[in-house]
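The values are calculated or read from the model by the stated rules, or taken from the named source; none is laboratory data. Values in this document were obtained by computation on a predicted structure and should not be read as measured data. So basically every Cβ, Gly included, is an ideal-geometry build from the backbone, and we count neighbours across all protein chains shown.
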Amino acid sequence: MTVTIQAYRFALGPNPSQEAALRSHCGAQRFAYNWGLNRIRANLDQRRVEKSYGIPSEKLTPLVNWSAYSLRKDWNTVKAEIAPWWPENSKEAYASGLANLATALANWDASRNNKRKGRPLGFPRFKGKRSVLSCRFTTGSFGLVDRDRRHVKLPRIGTVRTLESTRKLARHVDRGTARIRSATVSFRSGRWFVSFSVEIQRAAPPSARPDSSVGVDLGVKSLAVLSTGEVIANPKHLEAAQRELRRLQRQAARRIGPDKRTKQKPSSRWRKTQARITRLHTRIANARRDGLHKLSTRLVREHGAIVIEDLNVAGMMRNRRLARHVAGIGMAELRRQVEYKAAWSGVKVHTADRWFPSSKTCSGCGVVKAKLRLSERTYHCHACGLVLDRDLNAARNLAALVEREASSPSCGARLNEPDGNPPKTAPWDAAGIATGRPGPSGAGQRQHGNALAR
Ligand SMILES: [Zn+2]
């Protein structure tokens with residue numbers, strides 16, 4: 001039994017008055033966020049100016065505290081004056097905006113002091129009218145409605161119908177294995193959603209074959225190749241929708257879009273087409289996520305150890321020739337899913353080092369090739385004569401990483417570092433793809449249209 005925090009998201013079908021209330025709450029959230037940001041910014045600017053006049057630091061205007069608690073306290077003293085309409089919305093709407101601001105400021109502060117991983121963060125920006133509408137409730141009565149598993153309860157907004165069954169969460173709630181901590185409503189790609197953050201006691205079924213280990217080679221041609229020889233086809237949702245996408249993009253091109261130089265505002269017809277494009281992208285993403293969930297669940301249920309490559313997905317996404325293919329498969333998403341599901345059922349996940357030459361190594365004798373073009377779909381070993389599908393060879397090499405560790409833990413071979421087989425070529429290639437593999441064949445040529453059909 002593990003206790004985890006999980007989100008359950010349901011699409012909502014609010015009636016017109018509920019939708020107005022949802023919009024109003026999200027607007028209130030944005031108002032409070034922008035109010036707080038303006039206040040903090042003015043304070044910091046004031047201090048900066050004073051400093052430039054040479055005022056000693058103890059005589060500067062005192063720093064405004066930006067914790068969520070004190071922002072809320074300050075808001076409560078001024079709300080009657082600056083937002084006389086505040087009682088129209090739940091106080092949670094304002095609190096959630098201020099809490100978001102406190103988090104944003106804390107992240108910026110940590111990033112500025114090198115206490116935060118990742119890219120440097122800038123100072124928080126004001127939220128515009130077209131920013132994502134969202135609002136979080138942490139107190140008040142919210143949750144599922146017993147009646148028919150088709151409704152959720154939200155503070156001030158009331159009982160809203162869901163577009164899908166809430167069964168999965170309802171079962172946990174009925175058994176007493178779930179505690180709903182907060183509810184966040186948001187408007188995304190033309191639809192309202194509620195996302196419950198739930199503390200769940202989960203008893204995931206243990207793996208069917210705890211002794212079996214599997215290597216997963218993520219690819220572009222097929223979604224994944226397993227060391228068991230199974231090939232999981234790439235469903236190519238994006239390619240299937242490409243025709244409709246192109247049609248909509250032509251439609252958008254005929255309409256008046258925004259232009260920064262002439263300050264042209266986009267027409268409402270252009271916006272309508274953009275909304276259709278967004279919806280189509282959402283549909284593709286949903287279909288893709290569904291496939292990945294099915295694969296990751298199956299991997300975790302059927303094996304005791306899973307080996308995946310540590311692909312530099314962010315790096316590959318920066319390469320414009322690879323970005324579409326990588327995003328189209330959701331490599332990073334699959335890894336994320338495998339990792340959390342494995343943790344639930346006690347399955348081990350091993351990540352092979354980014355420089356591990358999984359494709360270039362012979363899974364039969366262990367010889368590493370100096371070069372292997374991506375166009376060579378079959379692996380021919382010159383040392384032992386092995387002939388094998390390229391991706392299957394890579395998957396077997398990955399699986400061998402844990403098998404070797406399990407059989408002789410003291411042999412000195414660390415995971416991620418096959419002994420005696422250092423990569424013979426520099427692992428970087430010119431394109432900056434950190435896979436240790438050569439770039440894609442035909443790179444630089446026309447890649448639109450049926451790029452994945454290679
Ligand atoms: Zn060989």
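For the stretch 140-160, does any single residue satisfy the condition of being touching a residue at least 40 places away in the same chain (Cβ under 8 Å) and under 24 Å from the mean Cα position of the chain (by Cα)? The answer is no; no qualifying residue exists.
If you go through the stretch 140-160 and pick out every residue that is under 18 Å from C26 (Cβ atoms) and in a loop (DSSP other than H, G, I, E, B), you end up with 5.
Any chance the stretch 16-34 includes a residue that's free of Cβ contacts under 8 Å to residues at least 12 places away in the same chain and farther than 17 Å from L133 by Cα?
No - not one qualifying residue is present in the stretch 16-34.
Taking the stretch 25-60 as the range and being under 41 Å from the mean Cα position of the chain (by Cα) and among the β-branched types (V, I, T) as the test, the residues that pass are I40, V49.
Every residue, every condition in (1) under 19 Å from Q337 (Cβ atoms); (2) touching a residue at least 12 places away in the same chain (Cβ under 8 Å), yes or no:
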| site | (1), (2) |
| --- | --- |
| D174 | no, no |
| I180 | no, yes |
| V194 | no, yes |
| R202 | yes, yes |
| P205 | yes, yes |
| D217 | yes, yes |
| V231 | no, yes |
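The number of residues in the stretch 1-43 being closer than 22 Å to R167 by Cβ and of a type in the set (A, V, I, L, M) comes to 6. Applying the condition of being assigned to a loop (DSSP other than H, G, I, E, B) and more than 30 Å from A394 (Cβ to Cβ) to the stretch 219-263 and asking which residue is modelled with the lowest pLDDT yields K260.
Considering only the stretch 101-120, state which residues are in contact with a helix residue (DSSP H, G or I) (Cβ under 7 Å, 6 or more places away or on another chain) and either assigned to a strand (DSSP E or B) or modelled with pLDDT of 90 or more (or both).
L101, A102, L105
Only residues that are within 13 Å of the ligand (Cβ to nearest atom), assigned to a loop (DSSP other than H, G, I, E, B) and surrounded by fewer than 17 Cβ atoms within 10 Å (Cβ to Cβ): list them for the stretch 368-388, please. Passing the criteria: H382, A383, C384, G385, L386. If R179 satisfies every condition in (1) modelled with pLDDT under 90; (2) part of a strand (DSSP E or B); (3) farther than 30 Å from S375 by Cβ but one, which is the exception? Unmet for R179, out of (1) modelled with pLDDT under 90; (2) part of a strand (DSSP E or B); (3) farther than 30 Å from S375 by Cβ: (1). Just one residue in the set P266, P205, P210 is in contact with a helix residue (DSSP H, G or I) (Cβ under 7 Å, 6 or more places away or on another chain) and either outside any strand (DSSP E or B) or assigned by TED's automatic domain parsing to the domain that holds G291 (or both); that residue is P205. For the stretch 349-367, filtering for residues that are crowded, with 19+ Cβ neighbours inside 10 Å and within 16 Å of the ligand (Cβ to nearest atom) leaves 7. Set side by side, the residues G215, G140 differ, and just one is at pLDDT below 90 and surrounded by 18 or more Cβ atoms within 10 Å (Cβ to Cβ), which is G215.
The C-beta contact set for the stretch 383-396 (first residue within 16 Å of A233 (Cα to Cα), second residue of a type in the set (D, E, K, R) and away from the ligand (no atom under 14 Å from the Cβ), distance under 6 angstrom, 6+ apart or interchain) comprises R390/R377; D391/D217; A395/D217. If we scan the stretch 161-175, do we find a residue that is in contact with a Leu (Cβ under 8 Å, 6 or more places away or on another chain), aliphatic (A, V, I, L, M) and in a strand (DSSP E or B)? Within the stretch 161-175 (the criterion being in contact with a Leu (Cβ under 8 Å, 6 or more places away or on another chain), aliphatic (A, V, I, L, M) and in a strand (DSSP E or B)), the answer is no, since none of the residues qualifies.
Among residues of the stretch 276-302 that are under 17 Å from M331 (Cα atoms), those with a beta-carbon under 6 Å from a residue that is among the basic types (K, R) and surrounded by 15 or more Cβ atoms within 10 Å (Cβ to Cβ) at least six positions away or on a different chain give the pairs S296/K341; V300/K341. Taking L121 as the residue in question, decide whether it is over 22 Å from A93 (Cα atoms) and not assigned by TED's automatic domain parsing to the domain that holds R191. So L121 passes the test. Restricting attention to the stretch 1-60, the residues being of a type in the set (S, T, N, Q), within 30 Å of P87 (Cα to Cα) and part of a helix (DSSP H, G or I) number 7.
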